[in-house]
Amino acid sequence: MTWQEKAHKRANAVKIGSRFKLVEGDNTFRIVPNRSAVLTFKKIKNWRKACAGFPPFIEFLAHRDVGPDKKFIRSGRDVDGDGECWLTDVLIPRLEKSSSKSDKSVARAMAPQEQYIVQVAWLDREGNWQGPGFFYVPAPLRPAIMELLGNLKGRQYDHPKKGKNMTINRTGTGMRDTKYGTLILDEDASEVPKEILRKVKAFSEVAPEYSELTQQEAWGDDLPDVDEDVENDGDTGYDEEEEEVEVSPPKRKRKKRKPEEEEEEEEEEEEEEEEEEEEEEEEESEDDDTEDEGMDDLGDEEEEEEEEEEPPPPKKKPRKKVAAKATKKKKRTKKTAKKTAEPSYEDDDIPF
């Protein structure tokens, strides 16, 4: 190989980097095992068992065009939407609520997108194996590749010796005119070169673990103006809910309990008055025994007439009952005053 050929080969490798991209025409590649499977094989010397323990792909959500450097950053949420993510939960909603059209456009560009990545080796135009490289599988091709890797018939397409090569034809170069052909498998299995297996990398190089701080640093200090408004709106709503919970119930309780407390006080007053009346009646009966029988009869008749004229009110109206008893009490005190005063004028035995 001349130095010109070596330079050309090196230029292609630098241009491609650690990623594999489909070009126009036929693209033949091979899915290689997970790096953890390669390390396990060195211990157990069994590719089937080693590959069975680690998936040859990674699936996650990611944000594109984050911050001034347009960074590609992993989301904190998984493909099922579970988890927490600063961009998804905090920044993007604020940009969407902004009155600025540019902020809303940025929010749409940073919306989380599903990513499906495998690591592959591929054949170049001269028929030589290259790689390995990470292959961000386009959305139209994902179902076919996912079905192959997740088959339940026992075939392992990431097996370095028993796996098969895959070929896909691409036409077009733009987002609108690009089309992909059907995924075609080789009939016979083939072996992946050992020098490529030695260079297999971990998925963490392209999909590091989620970090809120990393997302904030990628975005920068230029937060949207709507940030403070959203926070104030949220705080106000939260305070209003707290006021309703803390203030309203006591007011309802006072309205309901106040009549009950008044009824209890009125009942206690009624009981005290009835006890006083009973004591007075007992005293009156003792005094009446010493008086004239005619006066006792008259007093009884007056009591009966008074009771007939003013019957006790029903129990449901405690206030009227208390008023009736109060008038009865006043009349009884007047009657008692008459009884005690009359003998002093009719007694003939008083010495002059």
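The values are calculated or read from the model by the stated rules, or taken from the named source; none is laboratory data. Given the structure is predicted, the values throughout are model-derived calculations rather than measurements. We place every Cβ from the backbone using ideal geometry, glycine too, and count neighbours over all the protein chains shown. In case anyone asks, the SASA skips ligands and DNA or RNA and just uses the protein heavy atoms, side chains included. Shrake-Rupley method; radii C 1.70, N 1.55, O 1.52, S 1.80 Å.
So here's what we get for this one:
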quantity: Heavy-atom accessible area ranking, 1.4 Å probe, most first, across S99, S105, S190; calculated: S99, S105, S190
quantity: With all protein chains modelled, accessible area of W122 [1.4 Å, Å²]; calculated: 20 Å²
quantity: Solvent-accessible area of K194 with every protein chain in place, 1.4 Å probe, in Å² to the nearest 10; calculated: 130 Å²
quantity: Accessible surface, 1.4 Å probe, highest first, among residues Y180, Y157, Y116; calculated: Y180, Y157, Y116
quantity: Distant-in-sequence amide H partners of Q119 (H built 1.01 Å from N, under 5 Å); calculated: V32, F135
quantity: Cβ-defined net charge surrounding F54, 10 Å radius [Lys, Arg +1; Asp, Glu -1]; calculated: 0
quantity: Count of Lys pairs (Cα-Cα under 25 Å; at least 8 positions apart or interchain) in segment 157-220; calculated: 10
quantity: Solvent-accessible surface ranking, highest first, for T2, T40 at 1.4 angstrom; calculated: T2, T40
quantity: Zero-based 10 Å bins, Cα pair distances in segment 16-56, whole percents; calculated: 27, 36, 26, 11, 0
quantity: Radius 9 Å from Cβ of T171, net charge of other residues (Lys, Arg +1; Asp, Glu -1); calculated: 0
quantity: Accessible area (Å², 1.4 Å probe, nearest 10) - E114; calculated: 90 Å²
quantity: Calculated P(r) of segment 143-183 - Cα pairs past 17 Å, %; calculated: 46 percent
